[in-house]
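Novice: Would you mind keeping the following structure in view while I ask a few things?
The values are calculated or read from the model by the stated rules, or taken from the named source; none is laboratory data. Since the model is a prediction, treat every value here as computed from it, not as a measurement. Because the Cβ atoms are built from the backbone with ideal geometry, glycine has one as well, and the counts that use them run over all protein chains shown.
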Ligand SMILES: Cc1ncc(COP(=O)(O)O)c(C=O)c1O
């Protein structure tokens, strides 16, 4: 069955209720087999740790419609592994990689009519999450947990697709040096709401966070990772315990090396050394690759390649990444799981 009510070309990044979501409960030491349900409302205890102490984590990944009609999931094993690390950090029970991938597949199949057609640039975004639930009041791990996945059709996260955007350096931190920055937990995002809103109010796409210890190095671009291309063609991306290890970042590191022949450096990106880069971008599941036109820091805008045009290396990386995701370009072994 198709979905005539959706204008695929106009999709943004907004919640809509799709047909089915996956729901599994952890009780008495184990996850149940899980079910698909039409109900998009959770009924949970008012004492749930997710509500009071932020005991929750989430993931984001996409399913793509290919030219031949088949459906690709992009590196779901990596999302499963990251969710396991997030759960461990917040003392929540881990979901096995097998249960995670099977649940993703089931949700994609059950919402197939919401997958944007090949060629529209859209995808079906999956949002897995684990939350601490059950009657509780003390600051401790929850007696019960819920693992759920819902799906929404999405277009580009930053309006305008592969067009450069400007970003504002924030004076706030989203995570502490040895805190939870490397885990995909809600608290990091709660901390990012105000700086993000301030940047958007000032007409920037989002804010950029510096390292929380010294405020001298770029860490993340809103909800995406930073990369830059140096004048001698090195792909540089920050590496820090407070950066979320993005799966798009991980994939670009490999594609930059093996497909574009670039040298890759995971290291410091000093805010006073932006002139080292001829191109820069933000990368993530939602952001895909968003070229960074300029970065404003201490009331000065530093422009990389251009505020209007996309640099050639960013463009090549984009083509390679999106080609792999939609099946137009051969994927490295193990990256694609067919639904
Ligand atoms: C803070 C943050 N950094 C980086 C990323 C990029 O990670 P990924 O490529 O796995 O989507 C995300 C988004 O998911 C994020 O929320």
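Novice: Could you grab me the full set of residues in the range 244-264 that are free of Cβ contacts under 8 Å to residues at least 40 places away in the same chain, within 13 Å of the ligand (Cβ to nearest atom) and more than 24 Å from residue 306 (Cβ to Cβ)?
Specialist: 246, 253
Novice: I'm told residue 241 meets every condition in (1) within 19 Å of residue 185 (Cα to Cα); (2) in contact (Cβ under 8 Å) with a residue 60 or more places away in the chain; (3) surrounded by 22 or more Cβ atoms within 10 Å (Cβ to Cβ) except one. Can you identify the failing condition by its number?
Specialist: Going through (1) within 19 Å of residue 185 (Cα to Cα); (2) in contact (Cβ under 8 Å) with a residue 60 or more places away in the chain; (3) surrounded by 22 or more Cβ atoms within 10 Å (Cβ to Cβ) one by one, residue 241 breaks only (3).
Novice: Further question: Could you please find all residues in the range 125-164 being more than 17 Å from the chain's Cα centre (by Cα), in a loop (DSSP other than H, G, I, E, B) and either buried (at least 21 other Cβ atoms within 10 Å of the Cβ) or at pLDDT 95 or above (or both)?
Specialist: 134, 135, 136, 137, 138, 139, 140, 141, 142, 143, 164
Novice: Can you find a residue in the range 249-264 that is touching a strand residue (DSSP E or B) at 6+ places or on another chain (Cβ under 7 Å) and closer than 20 Å to residue 188 by Cα?
Specialist: Looking for residues that are touching a strand residue (DSSP E or B) at 6+ places or on another chain (Cβ under 7 Å) and closer than 20 Å to residue 188 by Cα, one finds at least one in the range 249-264, hence yes.
Novice: Tally time: how many residues in the range 200-209 are away from the ligand (no atom under 14 Å from the Cβ) and under 17 Å from residue 245 (Cβ atoms)?
Specialist: 0
Novice: Would you please list the contacts, defined by Cβ atoms under 6 Å and residues six or more apart or on different chains, that run from a residue in the range 78-106 that is at positive phi to a residue that is part of a loop (DSSP other than H, G, I, E, B)?
Specialist: Between residues of the range 78-106 that are at positive phi and residues that are part of a loop (DSSP other than H, G, I, E, B), the close pairs are 91/141.
Novice: While we're on this one: Answer yes or no as to whether residue 186 is surrounded by fewer than 20 Cβ atoms within 10 Å (Cβ to Cβ) and assigned by the TED database to the domain that holds residue 31.
Specialist: no
Novice: Kindly check whether there is at least one residue in the range 180-188 that is in a helix (DSSP H, G or I) and more than 30 Å from residue 8 (Cα to Cα).
Specialist: Yes, the range 180-188 contains a residue that is in a helix (DSSP H, G or I) and more than 30 Å from residue 8 (Cα to Cα).
Novice: Could you list, in sequence order, the residues of the range 210-231 that are under 19 Å from residue 276 (Cβ atoms), out of contact with any helix residue (DSSP H, G or I) (no Cβ under 9 Å at 6 or more places or on another chain) and away from the ligand (no atom under 11 Å from the Cβ)?
Specialist: The answer is 211, 214.
Novice: Does residue 267 qualify as being free of Cβ contacts under 8 Å to residues at least 40 places away in the same chain and either surrounded by fewer than 18 Cβ atoms within 10 Å (Cβ to Cβ) or within 18 Å of the chain's Cα centre (by Cα) (or both)?
Specialist: In short, yes.
Novice: Need pairs with beta-carbon distance below 9 Å; first residue under 16 Å from residue 319 (Cβ atoms) and within the range 287-299, second part of a strand (DSSP E or B) and away from the ligand (no atom under 14 Å from the Cβ); sequence gap 6+ or separate chains.
Specialist: Taking only residues 6 or more apart or on different chains, the pairs are 290/165; 291/165; 291/279; 291/280.
Novice: Got at least one residue in the range 187-199 being modelled with pLDDT under 95 and more than 12 Å from the ligand (Cβ to nearest atom)?
Specialist: no
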